Amino acid sequence: MSDVYADPSDPGPATPDTSDWTWVVSRPCPDCGLDPDDVRPDGVTEILLDAKSRYAAVLARSDVRARPSAGVWSPLEYSAHARDVCDVMRGRLEQILDGDGAAVRFANWDQDATAVEKAYWRADPDVLRGELEAAFDAAAEAFARPTGEQLSWSGIRSDGSTFTAQTLGRYFVHDVLHHLWDVRG
Ligand SMILES: [Zn+2]
């Protein structure tokens, strides 16, 4: 193994989340309470900009590195994940729009492998905050673009799950809001 585990105070990877979360585009989440029917396509941008501010506040906490229990991401790690989710979802939306109505295929994204590769737990909160704000701004701008029939254009994930531009927005919004619920942000 690499030197990732060389420091005994270094928590290393958290427990991977292997759940299938695709149901969140059609049913309310019993945990964070988000009802996907409340996420209108023209409201995604506003939700993302609000979430950006809340994550920025989370990153200012003094205990941002503390994991609530063994194997569970700290607020720092959830924030690093949210930054990367913004980039991945923005990229997938741009792919759908570039497809001009033809279904596109998304590249696989392994979020737990990404967390380990980037060693989320070692992130500098101040640096991460700047990256996260830029990622949320870019995603908010992108999700303001699709209108009309573009909202039904689709992309297929490597596991076979299909998203339209609209349901991708719902899935994305749920992900960032659910993790704010995770960190009580
Ligand atoms: Zn949720």
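Only the coordinates and a few stated rules stand behind these numbers; no lab work does. This structure is a prediction, so every number in the text was calculated from the model and none was measured. Neighbour counts run over all protein chains shown; Cβ positions are idealised from the backbone, glycine included.
General observations
- Look at Ser161, Ser26, Ser79 and count the other Cβ atoms within 10 Å of each Cβ; fewest to most, that gives Ser26, Ser161, Ser79.
- The shape of the range 104-179 comes out oblate: with a ≥ b ≥ c from the C-alpha gyration tensor, a/c is at least 1.5 while a/b does not beat b/c.
- Put in line by how crowded their Cβ is, counting other Cβ atoms within 10 Å and starting with the fewest, Ile47, Ile96, Ile156 read Ile156, Ile47, Ile96.
- The magnitude of the dipole of the chain, with charges of +1 and -1 set on the Cβ of Lys/Arg and Asp/Glu and taken from the Cα centre, is near 200 debye.
- Computed over the chain: relative contact order in percent, which uses C-alpha pairs under 8 Å that are six or more apart: 34 percent
- Acute angle (nearest 10 degrees) that the helix 44-59 long axis makes with the longest principal axis of the chain, alpha-carbon atoms: 0 degrees
- Counted by neighbouring Cβ atoms within 10 Å, the residues Thr162, Thr18, Thr45, Thr114 run from fewest to most as Thr18, Thr162, Thr114, Thr45.
- Extreme residue, positive dipole direction of the chain, given options Phe106, Gly148, Ile47 (C-beta unit charges): Ile47
- Cα-based helix-to-principal-axis angle, 75-98 vs the chain, degrees rounded to 10: 20 degrees
- Once the Cα atoms are used to define both axes, helix 165-182 deviates from the longest principal axis of the chain by about 30 degrees.
- Sparse-neighbourhood loop sites, trypsin sites (Lys or Arg not before Pro) in the range 111-170 - DSSP loop, at most 15 other Cβ within 10 angstrom: Lys118
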